[in-house]
Every structure is written in C-alpha cells, then in structure tokens.
Amino acid sequence: YTAAPVTMRDIVVSVSGTGTVTPADSYKVGALVTGEILEAPFAEGDRVEKGALLYRVDPGAAQTALDQAQLNVRQAQLAYDELAAAQRPAASLAGVVQQVHVQRGDQVSPGTPIADIADLSVMTLTLPFQSADAARLTLGQSATVTLDSTFETLSGTITKINGNIEVRSGNVQVRTVTIAVSNPGGLSTDQSATAAVGSVTSTDSGTFTYSEEKTVTAKVGGTVSRIHVTEGDYVSKDQTLVTLTSSSLSDQVQSASESVRNAQINLENRYEKLEDYTITSPIKGTIIDKNYNAGETTEANKTLCTIYDLSYLTM
C-alpha cells in the first residue's frame, strides 16, 4: 500500500479502438463475355465518370450473328409486305384507269388482269421521215406537231430515232422518229398528227400512243371483295385498285406477320448481347486497380478493374 493524502482529482475514462477506412462506394467491374480486349483507355489512379468507356472487347461472332439477325428481319418484312400488298393490287404507275377487268365477287387467280392504267400526261407520236432528213436529227431536239383534225400545233421533243431504214410506196426510204408531246388535256389515241423539225417534215401522219401503259394483274388468288376505282379515275402510283380476300391468304399474312415479330425479337436479343462487349463505368470514381490491358484476352466472370468512390470515406 502506498499512503497518499486525500485530494480532489478528475476521473478520466478513455476508450480506444481500430477500424478499416472504406470508400463511399466501390465496384468490381467484370466481364460477361470472353474475347480480345481492343480498347482499355484508362490507367490506375484515373478518375472516370459514370458511363465512361473502360473496355471494348472484340465482338467477333456476336457481330456476325447481329448482322444475320438484321438480314432475317429485312427478309421477313419483305415477305410480309409482298403478301400484304398481294391482297391489295395497286397501280404500278400514275395515270388514268382505262378499264377495270373484274367485278366484286369475282374469283381471280394469279395472273388475272385487274385493270389497265395509262399515263396520259405525255403522249408519243411515231412518224416517218425521209432517211436523209432523219440522219440530221438529234435526240432532245424540239419539234412542232400539227393535229390533222384541228391544225392546232403543239411543242414536242424527239426521244428516239430509229436506225432501220424502211422502203415505202414510191420507193421512198424512211426512218421513224418518236416525238414526246405534253398532253394539254385533249389528246387521245384516236387523233393523228404530223410533225416538223425545223425545215424537215414527216412524210406521213401518225397516231398518238400513251407514253406508258400497264395492265395490273393479281399476284395471288382470292375473291374480289372491294373495288376502289372506276374507269376514268386518275390514280397515283401504288394506289390500291381492288381488295382480295381468302382464308388461305389471310393465314399466310398472319404467319408472315408472326415471322417478322420473331425475327425482331431475335434481333433485340442480339443487340443486348452485343452490348456486353462494351464495358462502361457503373459509377463515378477512381480506378484502384487494372487487371487487364488492351491486347489481352478477357474471361467471363473475371474482375477487370476496381473503382472506388472516394468523395467521402467511412470507418
């Protein structure tokens, strides 16, 4: 025992301990795929933003599969569009409906004529010229066309000069010349006319023809359920002329539609898989370690690098 005098003192209680300092957040970046690393544009100690590129892995077969999936979608869509369009035969050119060959309720088969359409905006006139005169003419040269019935004159342009020489009555050698004339609205295939190109005139008259005329035919069989045009109507290109229906055709269209959707789903999956080959930073922080560099081969489920958020620490 040690004797001591009684005095006033402070009682002090102290507690001590140790702990580990940890960052606010940390993330071990791993790969879901295996492949050669093409890019790794960072180093240990670098600060990176969220979403910054860390690794880009060679997609290889994944890119090929994506390209094939895109092709499958285009092919499936094309097949669907063709079947859907086959249900609704459309005008193959802009013009006037000359004749409708079907009636509502008719049964048609592939190749059945649906309607005749002619482009009346431009008419063509093929006329004979003496061979020597025709040799001096050129494509694109202006011509003056005179209607036989009214002697009205119209402007035209030479679009074709036939190289073959024909011998007509009187042992006259001629070559035919085709002239395009803008239709002011009254020209028809029943009218005839002559033409002059400068001082050169045609040796005979010719009748007008449509610059373009086509017959729209059915591509599939079915029943005409609706007719959308009548003779004399002006139609634009791809305008629907009639609607065809049949149970088998409807089934084919439905099947084609499902094929398109399946191809689209497969494409979406391929896009998602391709995203695995581009690895970005999940957080904003500092690179603590870098385990793989460009040129190396990464393995699935391996840690590529570690990122710490050092904006504050906890202990």
Using the beta-carbon distance between VAL122 and GLU275 and R0 = 41 Å, what value does 1/(1 + (r/R0)^6) give for FRET efficiency, to the nearest 0.05?
0.15
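Beta carbons within 10 angstrom, averaged per residue: use that to sort the peptides 184-194, 7-17, 201-211, highest first. Show your work: numbers first, answer last.
On the way: 184-194: 13.8, 7-17: 4.4, 201-211: 18.0.
In descending order of packing, they fall as 201-211, 184-194, 7-17.
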Could you go through the range 94-99 in sequence order and give the Karplus-derived ³J(HN,Hα) for each residue, using 6.51 cos²θ - 1.76 cosθ + 1.60 with θ = phi - 60°, rounded to whole Hz, and x for Gly and Pro?
7, x, 10, 6, 8, 7
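Is the range 50-160 rounded, prolate or oblate when judged by the Cα gyration tensor, a ≥ b ≥ c being the square roots of its eigenvalues, rounded requiring a/c under 1.5 and prolate requiring a/b larger than b/c? Spell out each step's value before the answer.
Numbers: a/c = 3.92, a/b = 1.81, b/c = 2.17.
Cα axes put the range 50-160 in the oblate bin.
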Does the range 128-243 classify as rounded, prolate or oblate by the C-alpha gyration tensor (a ≥ b ≥ c root eigenvalues; a/c under 1.5 gives rounded; else a/b over b/c gives prolate, otherwise oblate)?
prolate
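What length, rounded to one decimal in nm, is gained on full extension from GLN107 through to ALA4, with 0.36 nm per residue of separation minus their alpha-carbon distance? Can you show the working numbers first?
On the way: separation 103, 0.36 × 103 = 37.08 nm, distance 12.67 nm.
Difference between extended and current length: 24.4 nm.
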Expressed in angstrom and rounded, the centroid-to-centroid distance over alpha carbons for the range 1-67 and the range 245-286 is 38
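Could you tell me the ratio Rg/Rh of the chain? Both radii from Cα atoms, Rh via Kirkwood.
Numbers: Rg = 41.0 Å, Rh = 28.3 Å.
Radius of gyration relative to Kirkwood radius: 1.45.
Once you've got the Cα coordinates, tell me which of LYS160/LYS214; LYS28/LYS284; LYS28/LYS273; LYS28/LYS50; LYS160/LYS237 are over 18 Å apart.
Working: LYS160/LYS214 21 Å; LYS28/LYS284 13 Å; LYS28/LYS273 20 Å; LYS28/LYS50 14 Å; LYS160/LYS237 26 Å.
Beyond 18 Å: LYS160/LYS214; LYS28/LYS273; LYS160/LYS237.
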Can you list the residues, at least 5 places off or on another chain, whose amide H is less than 5 Å from the amide H of CYS305, using H built in the peptide plane?
VAL29, ASN291
Amide H of LEU120 versus every other amide H placed in the peptide plane: which residues, excluding those fewer than 5 positions away on the same chain, fall under 5 Å?
VAL96
Under 5 Å between amide hydrogens, which residues at least 5 positions from ALA115 or on another chain qualify, with H placed 1.01 Å from N in the peptide plane?
HIS101, VAL216
The answer for the range 20-167, accessible area per residue at 1.4 Å probe in Å², is 54
Return the aspartates and glutamates within reach of LYS302: Cα separation strictly under 15 angstrom, same-chain partners fewer than 8 residues apart disregarded; answer none if there are no such residues.
GLU36, ASP276, ASP289
Phi to ³J(HN,Hα) by Karplus 6.51 cos²θ - 1.76 cosθ + 1.60 over the range 109-124, Hz, x for Gly, Pro
10, x, x, 5, x, 9, 7, 9, 10, 10, 8, 8, 5, 10, 10, 10
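Using a 1.4 Å probe, what is the accessible area per residue for the range 211-315, in Å²? It would help to have the intermediate numbers written out before the result.
Details: 6240 Å² over 105 residues.
Normalised by residue count, the accessible surface of the range 211-315 is 59 Å².
Carbon and sulfur together cover what percent of the accessible area of the chain at a 1.4 Å probe radius?
Numbers: 8920 of 18830 Å².
Using a 1.4 Å probe with all protein chains present, the chain comes out at 47 percent carbon and sulfur.
The values are calculated or read from the model by the stated rules, or taken from the named source; none is laboratory data. The model shown is predicted, which means the values in this text are computed figures rather than measured ones. All Cβ positions, glycine included, derive from the backbone under ideal geometry; neighbour counts span all protein chains shown. Protein only, heavy atoms only, side chains kept; ligands, DNA and RNA dropped before computing areas. Shrake-Rupley method; radii C 1.70, N 1.55, O 1.52, S 1.80 Å.
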